[in-house]
Structure formats: structure tokens, C-alpha cells
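Worksheet: one structure, shown below.
The values are calculated or read from the model by the stated rules, or taken from the named source; none is laboratory data. Since we're looking at a predicted model, the values are computed, not measured. Here the Cβ positions follow ideal geometry from the backbone for every residue, glycine too, while neighbour counts run over all protein chains shown. Note: areas computed on protein heavy atoms with side chains; ligands, DNA, RNA excluded. Shrake-Rupley method; radii C 1.70, N 1.55, O 1.52, S 1.80 Å.
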Amino acid sequence: MGQTLPKPGLRPFLPDDVPVLAAIFTASIQELTGDDYSEAQQQAWMEAAETEEFGKRLAADLTLIATLEGSPVGFASLRGADHIRMLYVHPAVSGQGIAAMLVDALEKLAGGRGAQSLTVDASDTAQGFFAKRGYVAQQRNSVTVNDEWLANTTMKKMLGAAA
């Protein structure tokens, strides 16, 4: 049986979090998406963390930080009332409930903001995670990131009474 982790916590994003969240973003892409995206695609995707825009995106959305013993291990952001913009978990804690805790919190916040449904543009790597949580594929997308094409899928979940 695996080692029991300390209980994870949640807190709001702070501007000083940008460097550690960029590191989580990069590690997550580098170590968890290799089965679904080429090295060139991963590199283009990871370069997003090297720009000032990365921190601005985190600050513009409602961004939550998952922590273990006070240290950030993942993050997720809600754009407006009804769209999950980012969900990244450090590979060292992948599969241990951190992403589920973050999405649970975003679903509650979205419902509290009056959203009837929640959407996400899920990477091919994350699509199974969202499908298990009741998100249904709506459309396939191709997006250009730093001159590379990356595929994702817009998925939607009905919330609360609408479900």
C-alpha cells in the first residue's frame, strides 16, 4: 500500500505564486502528456509559462492553489462563472486526488456564481479524468500554440439542479 499523504489544503492564488505555478505547469506537461503530444508540442505548450502573460492569466481568473504541508502542488482556474481555464498537478502527486479536489471546488464556486453548467477545453491527457467526473465531449478543437498545433476537446458538465 502507498504512503499516506498529509491532508491537502486549498487557498487562493497570490502574485508571488507565479514562479512555483509555472514550475508545476511545466513539470505536468513534460511528465504527464508524452503519450498524447509530441516533444515539439509539449515544448510549445510549456513555453506559455515563460511569459508575463502566464501570471496575468492566473490573476485574471479565480485561481485556486492545492497545497501539501503548505507547499503548492497543483492549481486550477475558473474563468467567469462557467469555464475551467487551467488544471495542473505536479507529477509527484498525480493520481492522488489533488485534481479532483480542485475541480470539486471549482464546480461549487461555479454553482455559487449561478452557472448551470461548466465547460473545459480538456487536453487529450485530461479528457478521461473529466469524463469520469460527468463531463461530456461537445467538440474537438485544434489550437495553435507557439507555431505548433495541439488538439483538445471542449467538454461540458451540467451542475446542481440542471444535472
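The GluC sites (Glu not before Pro) of region 1-79 that meet both conditions, a loop assignment by DSSP and at most 15 other Cβ atoms within 10 Å of the site Cβ, are GLU69. Looking at the chain, the accessible area is 53 square angstrom per residue; that uses a 1.4 Å probe and ignores ligands, DNA and RNA. For LYS56, the lysines whose Cα falls under 29 Å of its own Cα, not counting residues fewer than eight places away in the same chain, are LYS108, LYS156, LYS157.
How large is the charge dipole for the chain, taken about the Cα centre, if only the Cβ atoms of Lys, Arg (+1) and Asp, Glu (-1) carry charge, to the nearest 20 debye?
Computed about the Cα centre, the dipole is about 920 debye.
Roll a 1.4 angstrom probe over the protein heavy atoms and tell me the percent of accessible area of region 44-163 that is carbon or sulfur. Please list the in-between numbers first.
Details: 2780 of 5770 Å².
That share works out to 48 percent.
Over the chain, dividing the summed -39,500 (n - 2.57) contributions of all DSSP H runs of at least 4 residues by the number of residues returns a 222 nm mean residue ellipticity of -9500 deg cm²/dmol.
Helices that extend 18 Å or more along their long axis by alpha-carbon positions and average at least 0.0 on the Kyte-Doolittle scale are, among the DSSP H runs of the chain, 18-32, 98-112.
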